[in-house]
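To keep things clear, I will list the structure first and then write my remarks on it.
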Amino acid sequence: MADMNKVGKRICKYREQMGLSQEELAVNSGISLQTIKEYEEGIAYPPIGSLIRLSRALGQRVGTFTDDQFNPDPIVVKLADREEEASSHGDKGDYTYYPLGKGKTDRHMEPMFIKVGEEDMPELSSHEGEEFIVVMTGKILFVYGKEKRILEPGDSAYYNSVVPHYVGAIDGPAEIYAVLYTPL
């Protein structure tokens with residue numbers, strides 16, 4: 001499991017380098033002050049939507065908060081070597097993230113494998129960029145604006161992530177591959 005405090009420390013580091021208070025980062029990112037504090041203290045790990053909003057507010061790539069080392073191209077992640085980077089559970093969703101581009105410091109996309117659990121109260125998110133998902137197992141409720149669809153294994157969705165959207169499991173857990181692109 002990922003070190004939640006590592007991500008929180010990096011959020012704090014870049015916030016302080018920019019001369020921002022936690023309150024200013026909350027306003028700039030659209031994330032509540034309490035949640036910013038929880039991230040920085042390592043109490044909670046930001047779901048991908050929040051990481052994207054934080055990266056935009058701090059002028060960094062998403063991977064800046066999770067990468068530990070540089071690896072030369074190509075980046076190959078064998079299934080047996082795949083490592084969980086982070087989990088978010090509870091009111092922030094039920095997701096476990098496995099980054100697939102970790103170590104490629106000049107990347108423009110964030111490829112990942114995600115285990116998705118069911119949520120009681122789905123929340124829409126939006127941020128600049130694009131996303132592409134492919135369902136591997138289970139069923140996914142995909143909400144895009146006012147449109148709702150059920151995606152099953154082999155189904156995919158490619159969309160503009162500025163439109164409010166939601167990706168969550170229904171009828172049990174699911175697994176997806178996702179590629180996110182967020183311009184700096």
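The values are calculated or read from the model by the stated rules, or taken from the named source; none is laboratory data. Quick caveat, the model's predicted, so the values are computed rather than measured. In this analysis, Cβ positions are derived from the backbone assuming ideal geometry, glycine residues included, and neighbour counts consider all displayed protein chains.
Hey, among the residues in the stretch 10-38 that are among the polar types (S, T, N, Q) and surrounded by 14 or more Cβ atoms within 10 Å (Cβ to Cβ), which one's nearest to I52 (Cα to Cα)?
As a first pass, look at the stretch 10-38 and keep what is among the polar types (S, T, N, Q): 17, 21-22, 28-29, 32, 34-35.
So of that shortlist, the ones also surrounded by 14 or more Cβ atoms within 10 Å (Cβ to Cβ) come out as 22, 28-29, 35.
Numbers: Q22: 17, N28: 12, S29: 9, T35: 15 Å.
Only one residue tops the list, namely S29.
Could you list, in sequence order, all residues of the stretch 101-128 that are surrounded by fewer than 19 Cβ atoms within 10 Å (Cβ to Cβ), at pLDDT 85 or above and not in a strand (DSSP E or B)?
Answer for the stretch 101-128, where residues must be surrounded by fewer than 19 Cβ atoms within 10 Å (Cβ to Cβ), at pLDDT 85 or above and not in a strand (DSSP E or B): G117, L124, S126.
If you check every pair at least six apart or on different chains, which have Cβ atoms under 6 Å apart with a residue in the stretch 73-92 that is at pLDDT 75 or above first and a residue that is in a loop (DSSP other than H, G, I, E, B) second?
Matching pairs, first to second residue: I75/G101; I75/G103; I75/K104; V77/L100; E84/M1; E85/A2; E85/T66.
Which of the numbered conditions does D68 fail, given that it passes all the others? Conditions: (1) modelled with pLDDT under 95; (2) surrounded by 15 or more Cβ atoms within 10 Å (Cβ to Cβ).
Only one criterion is unmet by D68, namely (2).
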